[in-house]
Amino acid sequence: MTNETNYPSVNIISEGSELEGILKSEHDIRIGGILNGTLKTECKVIITEQGFVSGDIICQNADIAGKVSGDVLGKNKVTLRKKAILNGNLTTKILVIEEGANVNGLCKMGDITVADTQDYAEKVLNGLEK
């Protein structure tokens, strides 16, 4: 996604950085450090080999090379790179898993309706507010 000046907009949590809480954005998010909390974007999430997310991820597309401890909802496509570790459930329309990736959880693939996505997002976010 681009902004009014046509420059790509990317939020970056760099290696050596740590963030705690809910991260929401309308733009791409790249995690090279640590996020303890929920991540929600209408764009792409990239988790580098050094990146770690302890919490749920709700996004359009995800490219995961690091570690996630939580559920992942990719409305379109999720790619798990060879060193990816996912400890949680995965829901997406299209799934690409490289040899060596590790998934410890349930996987649901296929068309995801808007209602399913909204129900999931509301459940996750409401659970955090309690």
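Taking 30 Å as R0, compute the FRET efficiency from the Cβ-Cβ separation of Asn104 and Asn76 and round it to 0.05.
0.85
With contacts defined as alpha carbon pairs under 8 Å and 6 or more residues apart, what's the relative contact order of the stretch 10-129 in percent?
Dividing the mean separation by the residue count of the stretch 10-129 yields 15 percent.
If N is the number of residues in the stretch 10-129, what value comes out of its Cα radius of gyration divided by 2.2 N^0.38 Å? Present the calculation step by step, with values, prior to reporting the outcome.
On the way: Rg = 12.8 Å, N = 120, 2.2 N^0.38 = 13.6 Å.
Against the compact-globule rule of thumb, the ratio is 0.95.
A crude spin-label estimate for the pair Gln50 and Glu15, with each label 7 Å from Cα along the Cβ direction, gives 0.3 nm. Taken one residue at a time, the phi angles of the stretch 71-78 give Karplus couplings (6.51, -1.76, 1.60, θ = phi - 60°) of 7, 10, 10, x, 4, 10, 9, 10 Hz. Gly and Pro are set to x.
Every pair of different Cα atoms in the stretch 30-86 enters the Kirkwood calculation, which places the hydrodynamic radius at 10.6 Å. Rounded to whole numbers, the Karplus 3J(HN,Hα) couplings from phi for the stretch 60-68 are 7, 9, 9, 10, 10, 10, x, 10, 10 Hz, using 6.51 cos²θ - 1.76 cosθ + 1.60 with θ = phi - 60°, and x at Gly and Pro.
Read-outs throughout are calculated quantities, based only on the coordinates presented, and are distinct from any laboratory measurement. Since this is a predicted model, take the numbers as computed values, not measurements. When we count neighbours, we look across all protein chains shown, and the Cβ atoms used for this are built from the backbone with ideal geometry, even at glycine.
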